[in-house]
Amino acid sequence: MIRFLLKGILRDKQRSLLPVIVVTIGVFLTVVLYCWLTGILNDTVELSARFSAGHVKITTAEYEKNINQMPNDLALTGVDTLLKKLKNEFPEIKWEQRIHFGGLIDVPDSSGETRSQGPAIGFGIDLLSGDKSETDRFNLSKSIHRGRLPARPGEILMSEEFSQKLKVNPGDTVTLIGSTMYGSMAIFNYTLSGTVIFGTGPMDHGSVVIDLEDVRNALDMSNAAGEIVGYLPDNYYDEEKVNQIVLRFNKLFPKSEDKYAPVIMTLRQQNEFGKMIDQIKHIGGVMVIIFVFSMSLVLWNAGLLGGLRRYIEFGTRLAIGEDYSHIYKTMIYESVLIGIIGTISGSAIGLSIALYMQQHGIDLGSIMKDATIMMPAVFHARITSAAFFIGFIPGLISTVVGTALSGIGIYKRKTAQLFKELEA
Amino acid sequence: MKSIIIPALLLCVSLNAQNPSAKEIIEKVDKNMSADSRVFTSKMIIHNPRNTRTVESKSWNMGEKRAYTEYLSPPREQGTKMLKLEDQLWIFSPETDRIIQISGHMLRQSVMGSDLSYEDMMEDPHLLNHYTGQIDGKEKISDRDCWVITLTANTPDVAYQTQKVWVDKDRFIPLKKELYAKSGVLLKRMVLSDIKQIQGRWFPEKILFKDVLKEGDGTEFQIEEINFNVPIPEYIFSKASLKK
């Protein structure tokens, strides 16, 4: 019977074309929206991961407790050995050392005395080793507003807004006043090589980026780092993979009483990221449900219209002796077939477009330029395994339910009136 | 009649000597602890959670508002100089050849990672000029009888709104202090020891500072040598002296 129905659908374009088109469009929109929302969530999480959290972060147990204070006196020591071990045990992860610090940036006048001054948040990252991973992760090359990236030790990058507040230009000398790992006063001169616009308010207000070795020298942190962050190979935060890494790490470094023993945190375990991820997922989920529900209504309506359009056909079939339930059953089977065809074609089109958006993204930089929260400028779609079957909810289920509801009308038709109706 | 009045008067005088007012106690404490000028070399032994460091310095103080400190060791700190005039501080760093100005709340930050703030380190305030006292009771500290006095600030420019001070009854020197913020939160504890007679006054040669909001076992501030009321050349308290 299925083969018979399929032939009917393929041969009678009037009966099948419109429902298939409607299902295809609905499924295509659902798949694209789902992939895009997943991508936005991923991009937002990735932005936080790139700048601060990593996919996993290793610190000392004490540092982790006070992480918001950037307590470099509690930093990891013997980092070379630790890093070697991590690279051996987790070769799939890209590990980076970082020093996050607070301090004052002081600008001298011509006599060397303070002309302007402001509090700064500093990032000590690898800028000069030749490995461009951190430069790319911070998107520094594209974010340069004036001047250039640091090319030699003793050079510093500053957010454009901060440089304007302090009235400094590339080439000027600025002094960092901070605290060494051992609590001494650290005062170091740097040359401003360039200014950057990060595109996120919190970082643009007052941050500086300095090469890791320069920061180590200034803060007396030889072979030490506040944090070691790790990134999964394709820069996609996969909670399952990350949890596996945590399990392996905890076997390698069992919990101890030592306050300075390394501990690992996933991105979700840091600050409010877990809550943020859940909230974004929740909002995304609600949006997808609303959209899927609306598409379901449209497709349900399409099913109802189909039933009404074929009012005469069903009357004739009843008049020539076909059973009510047989007609109803064939309608349902037909809607299943239409739903499958529409869902497959809609998913195929939706996934192709999502794939393009995953690779190229949509640049909303001009809209986001005044944003005060850490949000990316280019939004990419993300195809996940769920994207392959999300379309079946509106595409198949709604079509079938719509048809099933409209089909109930068949049972209300009275055979005695059929000829009258047909004559009319 | 005379035979009754004179012994009664003597008894009153003696009772008054045994129960001085808070103001009188603070006055005597100030006489021991503060001076018109003082020059001293000191050692700060800073017990951080991970290590212990010793920082040596020489300081010149003139009155309440002028102070100059030069750091003598360790090598990383050697040559760093600080000048404090009123509520402004200038720091000279020999490595950068820069004079950096610090003011406002920064003066309440830790000096060299110790439990002392710049104000603790460089100011010599007369308690009576800034606080009103009230005797709360008597206690024993290290087997010595002490007055327990609560000092409440009557000027707005003090680092600690309230101080609880245990004053040695015989030597009029604080043996213990608790320093509180305006909110009532305990900020620091001080234990003063090695009390010696120096140039006609009692003075503690060792003070243990403990910033209760900070980890670690506190900072021992040890006086190596101190001279009170000595003449200090005016140029010491000028920015020009920082680069000398």
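Residues in segment B:65-93 that are surrounded by 15 or more Cβ atoms within 10 Å (Cβ to Cβ), within 19 Å of residue A:111 (Cα to Cα) and not small (Gly, Ala, Ser): B:80, B:81, B:82, B:83, B:89, B:90, B:91, B:92. For first residues located in segment B:110-127 and over 22 Å from residue A:73 (Cβ atoms) and more than 10 Å from chain A (Cβ to nearest Cβ), partners that are surrounded by fewer than 20 Cβ atoms within 10 Å (Cβ to Cβ) and among the hydroxyl-bearing types (Ser, Thr, Tyr) and lie 6+ apart or on another chain with Cβ distances below 6 Å form the pairs B:124/B:34; B:126/B:34. One residue stands out in segment A:191-201 among those that are touching a residue at least 60 places away in the same chain (Cβ under 8 Å) and of a type in the set (Gly, Ala, Ser): the one that is surrounded by the most Cβ atoms within 10 Å (Cβ to Cβ), namely A:199.
If you go through segment A:139-174 and keep only what is within 11 Å of residue A:197 (Cα to Cα) and hydrophobic (A, V, I, L, M, F, W, C), you end up with A:140, A:144, A:157, A:158, A:162. Residues that are of a type in the set (Ser, Thr, Tyr), more than 14 Å from every other protein chain (Cβ to nearest Cβ), in a strand (DSSP E or B) and surrounded by 22 or more Cβ atoms within 10 Å (Cβ to Cβ) do occur in segment A:156-179, at least one of them. On inspection, residue A:187 passes the criterion of being over 29 Å from the mean Cα position of the chain (by Cα) and either assigned by TED's automatic domain parsing to the domain that holds residue A:226 or at pLDDT 95 or above (or both). The set of residues from segment A:180-190 being assigned to a strand (DSSP E or B) and surrounded by fewer than 21 Cβ atoms within 10 Å (Cβ to Cβ) comprises just one member, A:189. Filtering segment A:28-67 to residues that are more than 15 Å from residue A:99 (Cα to Cα), among the aromatic types (Phe, Trp, Tyr) and surrounded by fewer than 23 Cβ atoms within 10 Å (Cβ to Cβ) leaves only A:36.
Every listed requirement among (1) touching a Leu at 6+ places or on another chain (Cβ under 6 Å); (2) of a type outside the set (Val, Ile, Thr); (3) outside any strand (DSSP E or B) is met by residue B:187 save one, (3).
Of all residues assigned to segment B:73-92, none qualifies as being part of a strand (DSSP E or B), among the hydroxyl-bearing types (Ser, Thr, Tyr) and more than 12 Å from chain A (Cβ to nearest Cβ). For segment B:44-64, the set of residues classified as surrounded by fewer than 17 Cβ atoms within 10 Å (Cβ to Cβ) and more than 14 Å from chain A (Cβ to nearest Cβ) consists of B:58, B:63, B:64, listed by residue number.
Checking the condition touching a helix residue (DSSP H, G or I) at 6+ places or on another chain (Cβ under 8 Å) and surrounded by fewer than 21 Cβ atoms within 10 Å (Cβ to Cβ), which residue from A:251, A:281 passes? Step by step, each of A:251, A:281 is checked, and only A:281 is touching a helix residue (DSSP H, G or I) at 6+ places or on another chain (Cβ under 8 Å) and surrounded by fewer than 21 Cβ atoms within 10 Å (Cβ to Cβ).
Can you confirm whether segment A:58-76 contains a residue that is part of a strand (DSSP E or B), within 14 Å of chain B (Cβ to nearest Cβ) and among the hydroxyl-bearing types (Ser, Thr, Tyr)? Yes, that holds for at least one residue.
If you filter segment B:38-68 down to residues that are among the polar types (S, T, N, Q) and under 15 Å from the mean Cα position of the chain (by Cα), you find that the one that is nearest to residue A:62 (Cα to Cα) is B:42. Within segment B:129-155, the residues that satisfy the criterion of being in contact (Cβ under 8 Å) with a residue 12 or more places away in the chain and either crowded, with 21+ Cβ neighbours inside 10 Å or in a loop (DSSP other than H, G, I, E, B) (or both) are B:131, B:133, B:142, B:146, B:147, B:149, B:151, B:154, B:155.
Within segment A:77-97, the residues that satisfy the criterion of being in a strand (DSSP E or B) and surrounded by fewer than 21 Cβ atoms within 10 Å (Cβ to Cβ) are A:77, A:94, A:95, A:96. For segment B:47-69, a residue qualifies if it is at pLDDT 90 or above and in contact with a helix residue (DSSP H, G or I) (Cβ under 9 Å, 6 or more places away or on another chain), and the qualifying residues are B:57, B:59, B:60, B:61, B:62, B:66, B:67, B:68, B:69.
As a summary of the residue check, residue A:222 satisfies the conditions (1) within 14 Å of chain B (Cβ to nearest Cβ); (2) in contact (Cβ under 8 Å) with a residue 12 or more places away in the chain; (3) small (Gly, Ala, Ser) except for the one numbered (2).
Looking only at segment B:118-126, decide whether some residue is surrounded by 14 or more Cβ atoms within 10 Å (Cβ to Cβ) and modelled with pLDDT of 90 or more. No, because not a single residue in segment B:118-126 is surrounded by 14 or more Cβ atoms within 10 Å (Cβ to Cβ) and modelled with pLDDT of 90 or more. Taking the criterion of being outside any helix (DSSP H, G or I) and modelled with pLDDT of 80 or more, the residues of segment A:11-57 that qualify are A:54, A:55, A:56, A:57. The residue that is nearest to the other protein chains (Cβ to nearest Cβ), counting only those in segment A:180-213 that are among the small types (Gly, Ala, Ser) and more than 24 Å from residue B:103 (Cα to Cα), is A:193.
The values are calculated or read from the model by the stated rules, or taken from the named source; none is laboratory data. No experiment lies behind these values; they were computed from the predicted model shown. When we count neighbours, we look across all protein chains shown, and the Cβ atoms used for this are built from the backbone with ideal geometry, even at glycine.
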